[in-house]
Amino acid sequence: MKKIYLGALALAVGLSATAQSKLGVISHTKKTPEAAVKMLSKKSPAYIKAKSSSIWSEDFSNGFDGQGTNGAWTQDAVPASNGATPYWEYRGVATSPDITQGSVGSCGGAAPLASTTASNGFVIFDSNGLDSGPGFGGCANIGNGPVPSPHDATLYTPSIDFSAETSVQLFFEVNARNFQATVKIDVIADGDTSLAVGEVFNLLELGANTATGNGDIVGIDISQWAAGHSDVKVGFNFDGDYYYFMMDDVFFDAVPDYDYGIDDIWNDDITDWYEYRHLPMTQTHLLQPGMVIKSFGALPVDLTMEITITEPDGNVQGPFTQLFAAFPKDSTSANTFIDTFEPTQLGEHTITYKVTSPFDAEDFNPADNEMTRTFFMTETIWSDAFTNSANSYRAPEVDGAPGESEAIQVFHTFNEELIWGVDYVIINSATAPDEATFEGDEIQVSLYSLDKTAYLAGLEPGADFKKSAIFTTLQTDFIEVADSMISSGTLVINNNMFSEASTVPANSLFAVSVYNSGGGYLRPVVTSPTTNSDGSGLMRARGLLADPSAVDDDELLQFGTVNPWLRARTTSGINVSDNDITSLIGDAAPNPATGNVTVAYTLLNTSDVALTITDLSGKVIATQNEGSKNAGVNKLTFDVSSLDAGVYFYSVTINGVTATKKLVVTK
């Protein structure tokens, strides 16, 4: 799991940037924040060393309420409705609940904190358990627990003497999930509340229903408030509704000399090529990868950005580099390499992003010094999403019946393209009985062109999104949902081909959608950023389009970090000449065969199709006239059970042009 950095960093001042390659570079800067904050998910040797020789530490082996290893921890409030149930609780070996339990709430409980010393205890603010109560009942028990939310309480460390320190960094290990809450870090120095920092760090800037990793490490530079003071208390304030905040292994140490890494990466200035997305070769163009680097270390350091691209055949393009000399503490710089290379091969490409320095061996957390992103160049499949364009629209229920609902995916063209189909996957009733698209529902599959200027200017959420003037319908088909389209336990990629291809101009936007006008909800399967190239690993967005009865107004919902399984299909990527249609004809299945054989084939437009079977001598064994077939993917089936074992050839003829492939018959 990669380290996540939160919050902005200080402006990089007086940087000496020297290009190490013949590349154009676009640089950006960020503003100075109140505190340099970071989250780590790995314990580096430097981290372990700092922890072992820290200025002050607490592993909660003796609890915290008056029994802390280095003094008593205190909290500023306990629930008025039940003084025996503290807001902040200690999970120990002999407590109830003990160290084997995390959040005990009925609505969204959680595993215990996986910290370094969790076996001897940790602390938790269990907003979920306080509000919904332990045990069963689920989210229906919200508000019926011992202390209903909202909650607000701060847990303070004992007084700590930092008078001899010139820098102070706070570390702790965490497992937290947010709904509508904040966890702020307060610092009070020398008892003077005027020095208190109301929000050094809002940990739960995660968004609703999102969480940290279990055991992630948070690091916060509090030097400007704590260093040089003899009486410092650090507070951890939970304020709001749900879910939980678990903490352990708190310690303070000096800011390390060298601590740098990558804060963000991207693949293209115009439309980011998301992880595991697919782009047809007809849309290839010069890549513009870039990254944000940052430094939390106390000393200036020479940092080098490095980008390489590994092609499907293993050839490596690059490295493309950029040097930043004497990069100072609390600094950040964002750079885009505007002239790298243009993909020319079909298949998987991997972009590797690195930041290096002469002090790599002393870097406090080297785990964030390298990241990768993978994309695929294809012949006809397009699943590359335009920024923030994976939307779902749902209207409210009407007289208790589901309202219309739609999933939309928007694409950006670099070159002119012919779009001829849409791939999609929808959820079945066995997978999600309360949120399914059902057999017999009629869905609409559409292709739109968009007014790019108006779309990028932004639209208000609501029913007019799809129906607005910026959407022009190019193609529409109506399909009745069959059981085979939503088969349980199987990834079913439904492929709809329009009657003809539509031309989309270069440097423009188009959209594909699936839509259900009512009688059942539209539940498109969505893909995570780590979905495999073959489509496995599909998932649905938890909570997406949940509880339509609670929707009062039309809604436009963002899929966020996941995308609906909607893919455009192009024709330009298919190499078809007047005398070669081989790329349109699929392989026989099964092959070798003993009985029925199926061959899939693709038509760019309505065509006459025929099949011929011949033996090795060229003798015609059988013929089969398929007649006129519509554009798109079609299948033909023939029986070879009466043929002798041996090698044969099957020929598919489309509008007078023939392609031939081999078939083996066994007995």
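Structure data summary
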read-out	value
Cα→Cβ-extended label distance, 7 Å offset, between Asn596 and Ala454, nm	4.9
Potential extension, Ala622-Val316 segment - 0.36 nm per residue separation minus Cα distance	105.1 nm
Protein-only accessible surface order, largest first, of Trp266, Trp88 at 1.4 Å	Trp266, Trp88
1.4 Å probe accessible area per residue over region 105-163, in Å²	35
Sites Asp76 and Asp608 - FRET efficiency at Förster radius 56 Å, r taken between beta-carbons, to 0.05	0.10
Relative contact order [Cα under 8 Å, 6+ residues apart], region 332-376, whole percent	46
Computed label-point distance, nm, for sites Thr658 and Ile48 using a 7 Å Cα→Cβ extension	7.0
Added length on full extension, which subtracts the Cα-Cα distance from 0.36 nm per residue, Met281 to Asp231	11.6 nm
Cα-projected label distance for Glu442 with Asp639, points at 7 Å along beta-carbon direction, nm	3.7
Surface accessible to a 1.4 Å probe, per residue, for the residues of region 252-351, Å²	30
FRET efficiency, Gln180 to Asp98 (Cβ-Cβ, R0 25 Å, nearest 0.05)	0.30
Pairs beyond 31 Å (Cα-Cα), from Lys329/Lys452; Lys452/Lys629; Lys49/Lys184; Lys49/Lys294; Lys184/Lys452; Lys49/Lys329	Lys329/Lys452; Lys452/Lys629; Lys184/Lys452
Exposure rank, largest accessible area first [His349, His285; 1.4 Å]	His285, His349
Net charge contributed by nearby residues that have their C-beta within less than 14 Å of Glu306 (K/R +1, D/E -1)	-2
With all protein chains modelled, accessible area of Ile142 [1.4 Å, Å²]	90
Centre separation in Å (Cα based) which lies between region 614-667 and region 210-235	72
Accessible area in the full protein assembly, largest first, 1.4 Å probe, for Met497, Met291	Met497, Met291
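The values are calculated or read from the model by the stated rules, or taken from the named source; none is laboratory data. Computed from a predicted model, the values in this text were never measured in an experiment. Positions of Cβ are generated from backbone atoms using ideal geometry, with glycine treated the same way; all protein chains shown enter the neighbour counts. Surface areas here come from the heavy atoms of the whole protein model, side chains and all, with no ligands, DNA or RNA. Shrake-Rupley method; radii C 1.70, N 1.55, O 1.52, S 1.80 Å.
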